[in-house]
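Engineer: Shown below is the structure under consideration.
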Amino acid sequence: MPSARALKRYDNLVWALIFGGLLVLVLGIASHDEAAIAGWSLTVVGGMAAVAGIVMIFVRSRMRETPEADAQSKPRETQR
């Protein structure tokens, strides 16, 4: 099971793939008229990156965080 630090890095990668992929996808669509091959290439690469980020969200939802050694719960004291 991954640690909290690893999960944070994973989350950052997921959102970078999604937003970066969508940006590249839009740039590819916008450049279709000027350079057809480059526009299609950017569109495909951006779409694949966005889809990979979306799939990684599903994978992340199945991961469980490893509790740290210092994060053990202490016994509750009863109040009088």
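Engineer: Kindly provide the set of residues from the range 28-44 that are assigned to a helix (DSSP H, G or I) and either in contact with a Ser or Thr (Cβ under 7 Å, 6 or more places away or on another chain) or surrounded by 15 or more Cβ atoms within 10 Å (Cβ to Cβ) (or both), ordered by number.
Structural biologist: Gly28, Ile29, Ala38, Gly39, Leu42, Thr43
Engineer: Test of understanding: among Pro75, Pro67, which residue is over 17 Å from the mean Cα position of the chain (by Cα), at pLDDT below 95, surrounded by 12 or more Cβ atoms within 10 Å (Cβ to Cβ) and not hydrophobic (A, V, I, L, M, F, W, C)?
Structural biologist: Pro67
Engineer: Name every residue in the range 27-42 that is aliphatic (A, V, I, L, M) and touching a Gly at 6+ places or on another chain (Cβ under 9 Å), in order of residue number.
Structural biologist: Leu27, Ile29, Ala30, Ala38, Leu42
Engineer: Taking the criterion of being surrounded by 14 or more Cβ atoms within 10 Å (Cβ to Cβ) and over 30 Å from Glu65 (Cβ atoms), would at least one residue in the range 46-55 satisfy it?
Structural biologist: Taking every residue of the range 46-55 in turn, at least one turns out to be surrounded by 14 or more Cβ atoms within 10 Å (Cβ to Cβ) and over 30 Å from Glu65 (Cβ atoms).
Engineer: Step by step: first the residues of the range 1-26, then only those that are β-branched (Val, Ile, Thr) and touching a helix residue (DSSP H, G or I) at 6+ places or on another chain (Cβ under 6 Å), then the one that is nearest to Arg64 (Cα to Cα). Which residue is that?
Structural biologist: Of everything passing the filter in the range 1-26, Val14 is nearest to Arg64 (Cα to Cα).
Engineer: Kindly list the number of the only condition in (1) within 23 Å of the chain's Cα centre (by Cα); (2) at pLDDT below 95; (3) not charged (D, E, K, R) that fails for Gly21.
Structural biologist: Checking Gly21 against (1) within 23 Å of the chain's Cα centre (by Cα); (2) at pLDDT below 95; (3) not charged (D, E, K, R), the one that fails is (2).
The values are calculated or read from the model by the stated rules, or taken from the named source; none is laboratory data. Since we're looking at a predicted model, the values are computed, not measured. Neighbour counts run over all protein chains shown; Cβ positions are idealised from the backbone, glycine included.
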